[in-house]
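Structure record follows, encoded as structure tokens.
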Amino acid sequence: MSLKVLIVDDSIFFAQMLKKSLEALDVEVMGEATTKEALVNHLKLSTPDLVTMDMTIPGTDGLECMQLVKKHSPNSKVLVISSMKDDEIMGKAKRAGAAGYLQKPLDDDELALAISRIMAEKDLMGQLDKISERIFIECTMDVINRLTHEAAVFQGEEPLPEETKRISAIIGLVGKYAGRMILSLPAACADEITALVLKKEKVNEEEVIQMAGEMANMIAGTASSMINRQDPVFGLRVSPPVIYYGENFAMSSAHVRSKKMLFKTSMGLIHIDYGFQEVEQQWM
């Protein structure tokens, strides 16, 4: 990382520890400040990309110091590193403009990931859009093949077909950007896949619901893992599925870049609708 970092902490000992950790990440440490006066002097002489901020500073606190950073170096990001971490103090730090919050003692991997997330390029959403489509197509086809031993055919980005009765599983995607994925199958297709997987001639509604939820979880989980391997900054995780069984339903959001993909199988048309919100949701 070719970053310039200023350390603000009342503990000289911890500042030295942090400096060693940062230098191991190829970060240039511009200096250390233990008071607000020292902080202002540093900011008058240089412009750091990132300021690490303790919340306890003699004669002041991290919140006032963040205001000083905003005043003298408005383009600098602030990462709070404090021994205290509770909802109230984190809320105050966020409102003061902190881009992230870590608790002492630090883990070097946690520090590296936090800095990567904070300093990520503005077109990170564009990167996610670019890689996610290929990954969701690949994962959907792979899961269908593993469950049914049949190769699905990708039909392109198409809207949900008209069906009188469908089963749909919604999976939440949580990470740097919030999103969701919907797996939707005709009821007859879901019944057939469930019977095939369970090796039964007849299946009940609960078994079909469980199959749809697990299928959606497999697709979303595998896709999220592949996206995270492309860039750990995304930090995607999946939430438990919510199942709808019945008539078609619509789910939309002005903030979600939704992509609607259709896959053809001998059992029916399987539909995937996924998307991520425009705005960053996670704050560390």
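The values are calculated or read from the model by the stated rules, or taken from the named source; none is laboratory data. Note that the structure is a prediction, hence the values are computed from the model and not measured. Cβ coordinates were reconstructed from backbone atoms using ideal geometry, including for glycine residues, and neighbour counts include every protein chain displayed.
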Output for the stretch 52-88, where each listed residue is more than 23 Å from the chain's Cα centre (by Cα), surrounded by 17 or more Cβ atoms within 10 Å (Cβ to Cβ) and among the β-branched types (V, I, T): I57, V69
Of residues in the stretch 28-47 being out of contact with any helix residue (DSSP H, G or I) (no Cβ under 8 Å at 6 or more places or on another chain) and in a helix (DSSP H, G or I), the one surrounded by the most Cβ atoms within 10 Å (Cβ to Cβ): H42
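Applying the selection to the stretch 1-27, what residues are in a helix (DSSP H, G or I) and charged (D, E, K, R)? If you could, list the steps in order and put the result at the bottom.
Pass one, the stretch 1-27, residues in a helix (DSSP H, G or I): 12-24.
Residues satisfying the conditions are K19, K20, E23.
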Can you tell me which condition A24 does not meet? The list is (1) surrounded by fewer than 17 Cβ atoms within 10 Å (Cβ to Cβ); (2) without any contact (Cβ under 8 Å) to a residue 60 or more places away in the chain, and all the others hold. (2)
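Any idea which residue in the stretch 193-231 is nearest to G175 (Cα to Cα), counting only those that are among the basic types (K, R) and not in a helix (DSSP H, G or I)? Before you say what the answer is, go through the steps one by one.
Within the stretch 193-231, the subset among the basic types (K, R) is 199-200, 202, 229.
From what's left, not in a helix (DSSP H, G or I): 199-200, 202.
Details: K199: 37, K200: 38, K202: 39 Å.
Selected residue: K199.
With the requirement that a residue be in a strand (DSSP E or B) and either modelled with pLDDT under 85 or crowded, with 21+ Cβ neighbours inside 10 Å (or both), what does the stretch 148-169 give you? Steps first, please.
We begin by selecting, within the stretch 148-169, every residue in a strand (DSSP E or B); these are 153-157, 166-169.
Hits for the stretch 148-169 are E157, R166, I167, S168, A169.
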For the stretch 116-130, indicate whether the set of residues that are at pLDDT 90 or above, surrounded by fewer than 19 Cβ atoms within 10 Å (Cβ to Cβ) and of a type outside the set (F, W, Y) is non-empty. no
Would the stretch 131-147 turn up any residue that is at pLDDT below 90, farther than 18 Å from S258 by Cβ, among the acidic types (D, E) and assigned by TED's automatic domain parsing to the domain that holds G268? no
Any residue at all in the stretch 68-87 that's modelled with pLDDT under 90, in a helix (DSSP H, G or I) and either within 22 Å of L43 (Cα to Cα) or out of contact with any Leu (no Cβ under 7 Å at 6 or more places or on another chain) (or both)? yes
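Please verify whether V197 is more than 30 Å from L79 (Cα to Cα), crowded, with 22+ Cβ neighbours inside 10 Å and modelled with pLDDT of 95 or more, treating the condition exactly as stated.
Considered against the rule, which asks whether it is more than 30 Å from L79 (Cα to Cα), crowded, with 22+ Cβ neighbours inside 10 Å and modelled with pLDDT of 95 or more, V197 comes out as no.
Out of A195, A114, A188, A169, which single residue is touching a helix residue (DSSP H, G or I) at 6+ places or on another chain (Cβ under 6 Å) and either closer than 19 Å to L269 by Cβ or outside the structural domain of F234 (by TED's automatic domain parsing) (or both)? Talk me through it step by step, then tell me what you get.
Values: A195 fails: touching a helix residue (DSSP H, G or I) at 6+ places or on another chain (Cβ under 6 Å); A114 fails: touching a helix residue (DSSP H, G or I) at 6+ places or on another chain (Cβ under 6 Å); A188 fails: touching a helix residue (DSSP H, G or I) at 6+ places or on another chain (Cβ under 6 Å).
Only one candidate qualifies: A169.
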Being touching a Cys at 6+ places or on another chain (Cβ under 6 Å) and within 12 Å of L183 (Cα to Cα) is the filter here, so list the residues in the stretch 198-225 that pass it. I219
